[in-house]
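The next block holds one structure in the form of structure tokens; read it before the comments.
The values are calculated or read from the model by the stated rules, or taken from the named source; none is laboratory data. These figures come from a predicted structure and were not determined experimentally. Using ideal geometry, Cβ is built from the backbone for each residue, glycine included, and neighbour counts are taken over all protein chains shown. Areas reflect the complete protein model, heavy atoms only, side chains present, ligands, DNA and RNA absent. Shrake-Rupley method; radii C 1.70, N 1.55, O 1.52, S 1.80 Å.
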Amino acid sequence: MAAKLKKGDKVVVLAGKDKGKEGEIASVNPKAGKAIVDGVNIAIRHTKQSQSSQGGRIPQAMPIDLSNLALLDSNGKATRVGFREEDGKKVRFAKTTGDVI
């Protein structure tokens, strides 16, 4: 199945403790159906000090399910993603505005 959400997309969270927050997708794991979004679903990770890094309590973005994310269109509203062919190429488009992403 084609990826509706990709790395670099601006998204809004639809459900969970961070509902309504916006961010950019840092990475996607299609096999698990999850994505890591900057500034969303933050957890504190306790790390031990080593020669290369300082130890302590480090905030880290955790994966969030793709079903809880929606793409932001050009108007800044949540939209669903559709696919269509233009000039023989498959492109993603926003269902609300019809604009190619």
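The distance from the alpha carbon centre of region 36-101 to that of region 1-35 is 3 Å, rounded to a whole number. Taking every Cα-Cα distance in the chain and sorting them into 10 Å bins from zero, the calculated P(r) comes out as 15, 39, 27, 12, 6, 1 percent. In this label model, residue 65 and residue 87 are separated by 3.9 nm, measuring between points 7 Å along each Cα→Cβ vector.
Name the residue, out of 16, 55, 82, whose mean-square fluctuation peaks in a Gaussian network model built on the chain with Cα pairs under 10 Å. With Cα springs under 10 Å in the chain, the top fluctuation among 16, 55, 82 is at 55. Using a Gaussian network model of the chain in which every pair of alpha carbons under 10 angstrom is joined by a spring, one finds that among 27, 52, 67 the greatest mean-square fluctuation is at 52. Only protein heavy atoms count here; under a 1.4 Å probe, residue 86 has an accessible surface of about 70 Å².
How much net charge surrounds residue 39 when only the other residues with a Cβ under 9 Å from the Cβ of residue 39 are counted, with Lys and Arg +1 and Asp and Glu -1?
Residues near residue 39 contribute -3 overall.
Taking 12 Å as the cut-off, the amide N atoms of region 4-20 that come nearer than this to a point 7 Å along the Cα-to-beta-carbon line of residue 96 belong to 11-13.
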